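> Encoded as structure tokens, here's the structure I'll be asking about.
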Amino acid sequence: MVRAILAAATLAVLSVCAQAETAYYRDPSLHGNTLVFTAEGDLWRVPVEGGGARRLTTNAGLESQASISPDGRLIAFVGSYDASPEVYVMPMTGGAPKRLSFDGAGVRVQGWTPRGEVLYMTSAVIGPGASVVLRAVDPVTLVTRTLPFSDANQGGFDDRGNLYFTRFGLQMTGDHARDYRGGAMSQLWRAPADGSSEATRIAADADASLSRPMWWNNQLYLLSDETGISNLWRMMPMAEAAWR
């Protein structure tokens, strides 16, 4: 499940822990009955019904942006161990992290592909300074491929293998402006992941920044600031204006 949907669930699940100790919980990832999150610079695991959380990492560097694999066996995350953050993977039960990316640039884990690869954004591309792409890396073979969509910076797959991704957006600059309507508004696109056809812009007439696309329970969820403040919205599949 996706971080935006899980924010409220994280607070509820960790309420027992919070009563005993104040901490900053973020980057939740849910699979079945297990929630993985970042706190105190490490990854932790806790049952969704609450209880004591188990620390999964103890490295000096920061581990963040956890994403549990569809089979629940692996956790992909960004580890800040060396000169630059890179993508790593580790067993759900804990263990030594395995490095997956060697980009030497900004990276952000997006989730998993239908092929079982870790999907991540990277700025390690040749082009303008703000150029980014989405890449997928096999956690076993380390074979890496670049998805053929320029400026794609966030993404998620539906049940049929279509990729929903964003282009541009203030998430690229770290700007926290509210109700922004300039030329850098985040755009939502859809395309077959294999690049067999051109990408199609979704909800192009929406006067809002559309970001963080995520597929769940046969519907598309995303963040939109159409009302002036960024909130979670739902869109019916294959419909460009079916907001709920």
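> Skipping prolines and chain starts, which residues have an amide H placed within reach, meaning under 5 Å, of the one on Ser123, given they are 5 or more residues away or on another chain?
Result for Ser123 returns Gly106.
> For region 132-177, just say rounded, prolate or oblate: build the C-alpha gyration tensor, square-root its eigenvalues into a ≥ b ≥ c, call rounded for a/c under 1.5, and beyond that prolate if a/b exceeds b/c, oblate if not.
prolate
> Oh, and also: Note the angle between two axes, namely the Cα long axis of helix 3-13 and the longest principal axis of the Cα atoms of the chain, as a number of degrees from 0 to 90, rounded to the nearest 10.
Between the helix axis and the principal axis of the chain, the angle is about 30 degrees.
> Once R0 is set to 22 Å, what does the formula 1/(1 + (r/R0)^6) return for the Cβ-Cβ distance between Ala96 and Thr141, expressed as a FRET efficiency to the nearest 0.05?
0.75
> If you count, for each residue, the other Cβ atoms within 10 Å and average over each peptide, how do 187-194, 89-96, 101-108, 207-214 line up from highest to lowest?
Top to bottom by mean Cβ count within 10 Å: 207-214, 187-194, 101-108, 89-96.
Values in this text are rule-based calculations from the coordinates and carry no lab data. All values derive from a computational prediction rather than experimental measurement. Ideal geometry is used to build each Cβ from the backbone, glycine not excepted, and the neighbour counts take in all protein chains shown.
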